[in-house]
Amino acid sequence: MIRLWLPAAGAGRQYAPATLIRWDPAKDAENQQKHGVAFVDAQVAFLDPARVIAKDLSHSKDEPRFYCLGETGSGIFTVRFTYRGEMIRIFGAGLLAQRKEDL
């Protein structure tokens with residue numbers, strides 16, 4: 001689990017209190033088997049200062065869902081998540097692109 005400082009909603013460049021990142025261990029195991037990515041590794045994408053957060057418009061029926069695209073030492077991850085209060089809940093992740101050195 002990583003504690004992050006993320007921009008506060010509507011506050012311009014001010015920052016909200018530290019954000020917790022959590023996930024369901026069973027969902028993490030399923031994701032590792034399906035996509036080969038552990039959530040503990042994927043959460044590092046949120047630390048990329050150039051990360052991109054985009055709303056998931058096709059799967060946001062019950063609660064708003066988002067994508068985080070961020071670079072890590074392994075490559076560029078796409079992390080699917082939702083906000084639960086000040087907490088980020090990861091429910092999916094994959095490697096969008098690997099670093100050339102790893103290919």
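Work out Dmax and Rg for segment 32-93 from the C-alpha atoms and quote the Rg first, both in angstrom.
11.4, 34
Run the numbers on segment 21-102 and let me know its relative contact order in percent, using alpha-carbon pairs under 8 Å that are six or more apart.
31 percent
Please list the non-local residues whose amide H lies under 5 Å from the amide H of Gly75, H modeled 1.01 Å from N, same-chain partners needing a gap of 5 or more.
Arg99
With the crude spin-label approximation of a point 7 Å out along Cα→Cβ, what separation in nm comes out for Glu30 versus Ala50?
Reported label-point gap for Glu30 and Ala50 is 3.4 nm.
No lab work stands behind these numbers, since they all come straight from the coordinates. Computed from a predicted model, the values in this text were never measured in an experiment. Cβ coordinates were reconstructed from backbone atoms using ideal geometry, including for glycine residues, and neighbour counts include every protein chain displayed.
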